[in-house]
Amino acid sequence: MEAPDPRKTPIPGVDRRTFIKVGGAVGLAAAAGGLEGILAAGRAPVYAQATKLHIVRWVDFIPEADVELKRQAPEAGKALGAEVTFEFINANDLQARITAAIQSGSGADIIQMLWNWPHLYQSALIDVSDVAEPIGKAQNGFYDVFNATAKVGGKWLAVPHGITGNTVAYRRSWHKEIGVTEFPKTWDEWRKVGTALKKKGKPVGQALGHSFGDPPTFSYPLLWSFGGAETDASGKKVVINSKGTVDSLKFMQAFWKEACDEGGLAWDDTNNNRAFHASDISATLNGASIYIVAKRQKDKIKDEKGEPLWQDIEHAPLPGGPAGQFSMFLPFQHSVMKYSKNQKLAKDFLKWLHAKENYEKWFQSNEAYSVGSTKVWEDHAMWSKVDKPLQMYQRAARLTRTLGHAGPATAKATESYTKYIIVDMYANAMKGMKAEDAAKWAEGELKKIYEA
Amino acid sequence: MEVALPHPGASQRQPLARFLENERLLAFVLLTPAVVLLGVFIAYPFVMGVWLSLSSTRVGNPGHFVGLKNFLKAWDDSIFQMAFRNTFFYTFWATIFKLSLGMWLALLLNRHFRGKRIVRASMLLPFIFPTVLSTFAWRWMFDPTFSVLNWTLYQAGLITTKVPWLSDSAYALWCAIVINTWRGMPFFAITLLAGLQTINPDLHEAASLDGANAWRRFRHVTWPLLKPVTIVVVVFSVIQTFSDFQLIYVLTGGGPANSTHLVATYAYQIGVATGLLGEGAAISLFMLPVLFFVVWIQLRYLRRLEGA
């Protein structure tokens with residue numbers, strides 16, 4: 001073994017004498033004069049030389065998607081000459097984190113924005129049209145929903161990243177047992193099927209608690225399918241207290257009692273996944289994560305016969321009502337914060353992230369749970385390999401509505417969503433409030449937002 | 001003969017000595033760090049909170065002065081009214097339970113028995129355990145689908161259908177009260193125990209000799225001497241319980257349908273999650289006059305007790 005040379009230093013090519021001189025000068029200068037001292041010494045400390053890029057995102061329901069992004073971080077760092085760090089937090093905590101960052105003027109350089117949040121935080125975000133436009137142009141265009149969610153006043157305030165679809169995940173065999181081979185297409189049919197299944201101890205499970213995803217993605221389309229809406233097309237007049245809304249509330253009161261697990265009032269976005277995997281519920285509106293996780297953990301997640309559960313899961317669109325059949329998928333995008341000192345780097349990173357060879361790996365790790373933000377990904381080879389229940393997500397993002405319908409998806413629509421007014425309108429009716437009173441309550445709350 | 005020579009530094013120390021002898025100046029110097037800390041960490045946030053409550057500040061927008069508009073809007077808000085009522089209900093019952101159970105526990109622990117020290121130490125566990133973690137554990141126990149309590153009750157044949165612990169408004173707030181009591185009771189017990197140990201045993205002995213039974217000894221000896229400590233503990237507990245946030249945030253997030261929101265959690269939802277900072281600040285400031293009044297009444301009573 002070679003004996004250590006006492007003259008060697010941690011920096012190649014620098015002998016001990018020089019190292020002590022420079023190090024001492026930097027140390028003394030730092031102690032005596034702080035930053036000015038460091039500058040006077042003519043050398044920055046090593047830790048200050050690397051630029052760091054900090055990205056905050058939700059904890060994905062598909063863990064492999066987060067693993068892929070984490071894996072890509074050093075690759076991006078190498079390509080951009082910076083240290084790229086992902087931080088994953090609970091989706092329900094994202095808004096609090098954004099508010100704190102904006103008000104303190106410090107925090108992550110890039111933050112994931114769900115729904116149409118760029119409208120709510122528009123004054124704190126920079127224009128990223130120079131990043132978004134070329135991506136859209138090169139990839140057959142973004143889905144229409146992003147024009148409403150990520151574009152504010154004609155400028156892209158976020159680069160669309162993906163859409164999480166949702167469908168009703170249901171147990172094929174349990175439905176077959178009661179003679180149902182095709183999932184109900186209308187709410188009334190689902191009520192009959194759900195009632196029969198609940199009698200057998202296999203209710204429908206639906207989250208109606210204060211949570212970011214499943215409760216609103218169920219409540220809004222239900223409202224629309226009966227002809228209800230928060231506002232008229234101008235977005236300035238509240239029209240929630242309508243016959244359609246009251247009908248939907250009356251339907252839901254009966255559906256809840258006869259067909260659903262009434263514990264759903266306290267459920268968040270994770271409860272129905274766990275309940276489905278535990279064979280406690282027959283159907284639930286959810287992203288494809290129930291199916292994908294059940295398949296990826298087939299040795300752990302089994303049905304009551306001990307068989308892998310994923311084999312018995314089928315997907316169907318949310319049923320329709322008298323006014324039609326609608327979906328509300330979850331669009332998400334990345335915004336660069338105005339306070340960030342690394343705005344150019346942040347934009348470069350987003351370009352890197354959306355480069356086909358990088359984006360493709362993240363896209364594939366999702367296996368249809370989240371689909372691409374641009375239409376080009378509809379033609380990806382992955383779709384020919386994914387299982388049948390997942391194939392319905394291939395083009396589904398074209399059809400989604402979003403918050404604020406029938407008006408524009410403004411910051412007021414985000415405010416209403418964040419206050420859970422539509423979700424709570426249904427929850428109030430489930431708790432025993434008369435349907436008419438629940439609609440009236442929602443009208444009062446929405447007027448404070450849209451007509452104030 | 002030795003001659004005492006003046007110390008070379010003595011003349012230099014004189015100004016310092018003079019400075020130290022000036023009580024006003026010294027008091028100023030000694031108080032400055034505390035005043036600065038109070039100013040930075042208490043006065044500044046408080047003044048900022050008051051300013052925000054009087055402004056239309058939204059996330060990313062400084063806003064402008066709107067007078068009492070935010071307060072009037074909150075007062076007219078049905079969810080705020082429910083949260084305000086819930087906060088009183090929650091604080092009242094949680095404090096009653098913590099006080100009665102804490103007193104009972106303190107009286108038991110004041111006796112001599114084997115393993116007393118271990119019992120006293122373990123009693124503090126709920127108090128020292130982080131609220132978020134313990135509330136997560138309770139949330140699991142009250143889970144609408146996988147509740148271990150429901151499972152136990154079902155296996156014991158006491159229920160045939162699930163008890164909707166967190167999905168029914170009436171149950172949910174009581175569940176929160178139970179958890180708050182579980183967590184806060186050790187604070188009452190340990191403080192009251194400390195108070196009990198300052199009571200001279202001779203007083204109890206004398207009362208016993210006079211024929212007083214256990215209840216009369218508690219009523220006429222223990223309680224009057226323990227009253228000042230009890231009032232202080234209740235003041236602290238009311239302040240903490242009235243402004244509770246973590247427990248509800250983790251347990252129910254204010255649901256179902258806002259029925260478990262407290263003023264603090266609703267202020268958070270409006271101010272931080274929705275970004276309406278002015279309105280959120282106004283909602284949270286509704287707690288101030290209530291707490292001020294409670295503290296004033298209790299401290300006034302305490303002062304009267306001390307003067308008696």
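The values are calculated or read from the model by the stated rules, or taken from the named source; none is laboratory data. What you are looking at is a predicted structure, and each value in this text was computed from that prediction instead of being measured. Positions of Cβ are generated from backbone atoms using ideal geometry, with glycine treated the same way; all protein chains shown enter the neighbour counts. Surface accessibility is based on the protein's heavy atoms, side chains included, excluding ligands, DNA and RNA. Shrake-Rupley method; radii C 1.70, N 1.55, O 1.52, S 1.80 Å.
For region B:71-307, the solvent-accessible area with a 1.4 angstrom probe is 51 square angstrom per residue. The accessible surface of region B:94-207, taken with every protein chain in place and a 1.4 Å probe, is 70 percent carbon and sulfur. Given a cut-off of under 8 Å on Cα pairs at least six residues apart, what relative contact order in percent is computed for chain A? Computed value for chain A: 24 percent relative contact order. Rounded to a whole number, what % of the accessible area of chain A do carbon and sulfur atoms account for, probe 1.4 Å? Within chain A, the accessible surface is 54 percent carbon and sulfur. Rounded to the nearest 10 square angstrom, A:Asp299 shows an accessible area of 130 square angstrom against a 1.4 Å probe.
Estimated from helical segments only, the mean residue ellipticity of chain B at 222 nm is -21500 deg cm²/dmol, where each DSSP H run of four or more residues counts as -39500 (n - 2.57). Among A:Glu436, A:Glu182, the sequence by solvent-accessible area, most first, with a 1.4 Å probe is A:Glu182, A:Glu436.
The heavy atoms of B:Phe28 offer some 140 square angstrom of accessible surface to a 1.4 angstrom probe. Association of chains B and A removes close to 2700 square angstrom of accessible area from solvent, both sides included, for a probe radius of 1.4 Å.
Sorted largest first by accessible area at a 1.4 angstrom probe radius, with every protein chain in place, the residues B:Phe19, B:Phe88 fall in the order B:Phe88, B:Phe19.
What average count of beta carbons from other chains do you get within 10 Å of the Cβ of residues in B:142-149?
5
With K and R counted +1 and D and E -1, the other residues having a Cβ less than 11 Å from that of B:Pro144 yield a net charge of -3. Here A:Trp383 sits with roughly 10 square angstrom of accessible surface, probe radius 1.4 Å. Helical content alone sets the calculated 222 nm signal of chain A at -13500 deg cm²/dmol, taking -39,500 (n - 2.57) per DSSP H segment of four or more residues and averaging over every residue. Projecting the Cα positions of A:Val168, A:Ala368, A:Leu318 onto the charge dipole of chain A (unit charges on Cβ atoms of Lys, Arg, Asp and Glu, taken about the Cα centre) puts A:Ala368 furthest along the positive direction. Inter-chain neighbour count for A:418-425: the average number of beta-carbon atoms from partner chains within 10 Å of each residue's beta-carbon is 4.
Residues A:Glu230, A:Glu177 ordered from highest to lowest accessible area at a 1.4 Å probe: A:Glu177, A:Glu230.
Remark: mean inter-chain Cβ contacts per residue of B:272-279 equal 6, using a 10 Å Cβ-Cβ cutoff to other protein chain atoms. Toward the positive end of the charge dipole of the protein assembly as shown, with +1 on the Cβ of Lys and Arg and -1 on the Cβ of Asp and Glu, the farthest Cα among B:Val119, A:Leu222, A:Leu350 is that of B:Val119. Once C-alpha pairs closer than 8 Å and six or more residues apart are averaged by separation and normalised to the residue number of region B:71-307, the relative contact order reads 29 percent. Farthest towards the positive end of the charge dipole of the protein assembly as shown, among the residues B:Phe88, A:Ile281, A:Tyr359, is the Cα of B:Phe88, using unit charges on the Cβ of Lys, Arg, Asp and Glu. The local environment of A:Lys295, defined by Cβ-Cβ distances under 14 Å, has a net charge of -2 under the rule Lys, Arg +1 and Asp, Glu -1. Sorting the segments A:83-92, B:256-265 by their residues' average number of neighbouring beta-carbon atoms within 10 angstrom, most packed first, yields B:256-265, A:83-92.
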